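Q: Here's a structure for you.
Since every read-out is calculated from the coordinates, none of them should be taken as a lab result. As the structure is a prediction and not an experimental result, all values here were calculated from the model. Neighbour counts are summed over all protein chains in view; Cβ atoms, including those assigned to glycine, are modelled from backbone coordinates with ideal geometry.
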Amino acid sequence: MKTIIDLFEQSVEKFGDNPFMWEKKNGKYEATTYKEAMEQIQIVAHGLLDIGIEPKDHIALLSEGRNKWILSELSILYNNAVDIPLSIKLEANEVLFRVNHSDAKYMIVSKQQTEKVDKVKEHFTNIEKIIYLDDNAPNDEKSINFKDVLARGAKHQDTHPESINERKKEITNESWANITYTSGTTSDPKGIILTHRNYTANVEQAYSLMTIPESYKTLLILPLDHCFAHVAGIYSFMGKGASLAMVESGITPLQTLKNIPINIREIKPNLLLSVPALAKNFKKNIDAGIKAKGKFMYGLYKFALRNAYKYNKEGYNKGRGLSALRGILNGLFDAILFKKIRAFFGGHLEFFIGGGALLDIELQRYFYAIGIPMLQGYGLSEATPIISSNALHKHKLGSSGFLVDNLELKILDDNGNELPQGEKGEIVVKGENVMYGYWKNDKSTQETIREGWLHTGDMGYVDKDGFLYVLGRFKSLLISSDGEKYSPEAIEEALTEKTKLIDQVVLHNNQDPYTVGLIYPNYEALKSELKHKHLNLTDEKGQKAGLEMIQAEINEFKKGGKFEGEFPERWLPAAVAILEEGFTEENKMMNSTMKVVRGKVTNFYHKRIDELYTAGAKNITNESNIKSIAKVIGK
């Protein structure tokens with residue numbers, strides 16, 4: 001098995017009558033088998049050929065997850081063409097950049113995404129034709145409905161039955177499958193060229209982490225444009241004859257989000273892919289549901305969790321020592337409480353695979369406790385993307401798991417020297433899953449791939465048991481005035497997770513005298529806390545009291561606080577700027593995978609950061625912070 005087409009056709013031959021795709025139609029999920037999918041793909045592939053798509057052409061695909069998305073991508077690949085999958089979270093100008101930068105000649109778009117395309121399509125430089133998946137094409141020469149592609153495909157298949165097979169014969173291991181764009185957390189987005197073999201190699205590597213019986217189902221919650229969903233979702237399941245279900249698309253993104261828990265209960269998945277933002281949302285909803293059942297039930301739930309945490313430890317050492325005595329109690333709580341929580345996920349969910357960003361260990365402990373472990377993995381798009389992961393048979397909570405098969409890994413210091421086990425440095429890897437390169441960016445390709453080794457730009461280390469720990473991006477590191485470095489992500493996570501009043505935080509130290517923080521408070525929680533003290537944020541007394549309460553929460557991580565010693569004090573913020581607005585996708589401070597775009601945040605707030613190194617800035621009740629709160633309350 002070397003190409004994606006080989007992978008698909010082997011499964012059609014072995015599992016032809018198995019369900020491949022599930023999609024909601026007329027209020028219920030209906031299955032498309034592997035054989036039926038093959039027949040549909042052949043027609044679409046012939047249709048694409050008939051409208052003029054040539055081998056190696058670039059075709060942009062912009063749609064929410066649905067059967068037609070997978071049919072379209074595989075049909076593109078059958079033509080030995082290259083799919084340019086685009087995120088539905090992109091704004092119109094971002095779509096324009098990617099379509100033009102990728103030299104896409106054709107575009108496939110769904111009805112929900114048409115408005116974005118309409119805004120910018122007159123500025124497309126290479127697009128010859130746009131295919132409308134929902135048959136809403138305008139009446140012009142450049143537009144065609146999907147149903148017309150199907151009609152032309154059926155006719156072309158009758159008259160030229162071998163033409164797609166001839167195209168297929170041209171596909172090699174090194175044929176390009178995708179140009180997938182980075183979300184641009186540190187710079188402009190880059191087009192990552194991934195070959196057929198990049199994908200099939202990473203699928204093989206994924207199988208060293210998880211077993212997928214042909215009876216398995218997954219609900220594809222994550223956007224299909226990302227290679228994480230491609231590999232761990234679509235292609236890994238496809239290669240084992242298992243099935244994929246699509247989230248029911250709502251009229252709005254919020255409606256689609258609300259459909260997820262409903263669809264989970266309907267599909268009863270065995271495995272789900274998740275990112276930290278989704279994990280937090282799941283936990284929040286569970287907590288709220290149990291809290292609504294009253295104080296006794298909520299107290300019992302909290303007690304059960306504390307017992308499970310102490311019994312499970314870090315997973316690999318579960319039940320060892322005196323904690324074994326907690327096993328009977330844990331089993332009881334599992335039967336009377338956690339089993340009911342698992343029913344929220346359909347009752348068949350065995351585990352999550354977590355990726356996209358570092359997953360807080362408290363969240364890992366939580367999902368482990370309720371009996372559906374969220375197994376943290378690590379990867380990046382340039383590695384197609386899976387590099388390591390925890391697995392049911394081998395895991396250590398807090399780590400990013402063990403290395404996949406057929407991949408080499410080294411930890412290097414700043415001078416490129418390999419470091420011994422346990423020492424921190426840059427993670428570099430080498431294997432068949434490493435990208436072909438960046439599209440139209442030889443300089444970045446040469447900087448990133450050196451002598452076959454992919455330099456990830458991430459900092460980490462490997463422990464004595466072979467588990468990888470990822471500490472964050474080198475470009476995100478806090479750097480003190482004496483040159484010492486520290487990753488801020490765990491501190492930022494703790495400051496938001498273990499406090500009531502801090503909603504978001506970004507730390508900064510670029511060889512400065514001390515570390516500073518940009519904080520967006522939870523203003524509703526702040527108002528509520530002040531109300532108990534008969535204060536409010538509309539007057540200066542209340543504003544100062546609110547700021548002092550935020551400072552008190554930060555101080556809990558310093559000497560004498562209840563979280564003392566969790567982090568070196570020099571990396572905790574000595575001065576903070578209170579912000580009027582949070583970091584969101586709308587203001588471009590967050591990317592589509594819900595990661596803070598650190599460079600954009602620090603550039604936008606550079607004046608506030610500079611101010612934090614001036615006299616009086618360490619006093620949180622300074623004039624700038626008072627003004628920020630006053631502006632928010634005044635809106």
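Q: Order the peptides 214-221, 41-48 from the highest to the lowest mean number of other Cβ atoms within 10 Å of their residues.
A: 41-48, 214-221
Q: Between residue 414 and residue 348, what FRET efficiency comes out of the Förster formula 1/(1 + (r/R0)^6) with R0 = 45 Å and r the beta carbon distance, rounded to 0.05?
A: With a Förster radius of 45 Å, E is 0.40.
Q: I would also like to ask the following. Pairs to check: 89/121; 283/531; 544/618; 68/280. Give those whose C-alpha atoms are more than 22 Å from each other in this structure.
A: Pairs exceeding the cut-off: 283/531; 68/280.
Q: Which one, (i) 43, 29, 26; (ii) 38, 27, 26; (iii) 52, 32, 22, gives semi-axes √(5λ) of the Cα gyration tensor in Å as derived from the coordinates shown?
A: (i)
Q: Further question: Using the Cα gyration tensor of the stretch 580-635, with a ≥ b ≥ c the square roots of its eigenvalues, what is the shape: rounded (a/c below 1.5), prolate (a/b larger than b/c) or oblate (neither)?
A: Since a/c reaches 1.5 but b/c is at least a/b, the shape of the stretch 580-635 is classed as oblate.
Q: Taking N as the number of residues in the stretch 477-634, what value does Rg over Cα atoms divided by 2.2 N^0.38 Å take?
A: The stretch 477-634 yields a ratio of 1.00.
Q: Continuing with this model, one more query. Where both residues lie in the chain, what percent of DSSP beta bridges are antiparallel, nearest 5?
A: Counting DSSP beta bridges with both partners in the chain, the antiparallel share is about 55 percent.
Q: Classify the stretch 4-198 as rounded, prolate or oblate, taking a ≥ b ≥ c as the square roots of the eigenvalues of its Cα gyration tensor: rounded when a/c is under 1.5, otherwise prolate if a/b is larger than b/c and oblate if not.
A: Rounded, since a/c falls under 1.5.
Q: Same structure again: As I understand it, the value is the acute angle between the Cα axis of helix 623-634 and the longest principal axis of the Cα atoms of the chain; what does it come to in degrees, rounded to 10?
A: Compared with the principal axis, the helix lies near 60 degrees.
Q: Over the Cα atoms of the stretch 280-412, compute the convex hull volume and normalise it per residue, giving Å³.
A: 129
Q: With point charges of +1 on the Cβ of Lys and Arg and -1 on the Cβ of Asp and Glu, referenced to the Cα centre of the stretch 1-141, which listed residue (92, 76, 131) lies farthest in the positive direction of the dipole?
A: Of 92, 76, 131, it is 92.
Q: Separate question: Could the peptides 295-305, 92-102, 224-234 be put in order, highest first, of the mean number of other beta-carbon atoms found within 10 Å of their residues?
A: Descending mean neighbour count gives 224-234, 92-102, 295-305.
Q: For the stretch 236-310, place one equal point scatterer on every Cα, skip the solvent, and apply the Debye formula. What is log10 of I(q)/I(0) at q = 0.15, 0.16, 0.28 Å⁻¹?
A: One equal scatterer on each Cα of the stretch 236-310 leads to -0.74, -0.81, -1.28.
Q: Which FRET efficiency, nearest 0.05, do residue 173 and residue 214 yield, Cβ-Cβ r, R0 22 Å?
A: 0.25
Q: Would you please put 69-81, 7-19 in order of how densely packed they are, using the mean number of other Cβ atoms within 10 angstrom per residue and starting with the highest?
A: Answer by packing, highest mean first, reads 69-81, 7-19.
Q: Set the bar at 29 Å for Cα to Cα. Now go through 2/258; 116/627; 24/313; 35/258; 533/559 and name every pair that lies beyond it.
A: 2/258; 116/627; 24/313; 35/258
Q: From the helices alone, meaning DSSP H stretches of at least four residues, give me the mean residue ellipticity at 222 nm for the chain, per-run term -39500 (n - 2.57), in deg cm²/dmol to the nearest 500.
A: It lands at -11000 deg cm²/dmol.
Q: Between residue 339 and residue 122, with labels modelled 7 Å along Cα→Cβ, what's the label distance in nm to one decimal, could you check?
A: Calculated label separation equals 6.5 nm.
Q: May I ask you to derive the FRET efficiency for residue 145 and residue 257 from their Cβ-Cβ distance with R0 = 22 Å, giving the value to the nearest 0.05?
A: Approximately 0.15, to the nearest 0.05.
Q: May I pose another question? Once the Cα gyration tensor of the stretch 97-145 is diagonalised, what are the square roots of 5 times its eigenvalues, in whole Å and ordered largest first, as equivalent ellipsoid semi-axes?
A: 17, 11, 9
Q: Quick check: the angle from helix 34-51's long axis to the longest principal axis of the chain, C-alpha only, nearest 10 degrees?
A: Tilt of helix 34-51: around 70 degrees.
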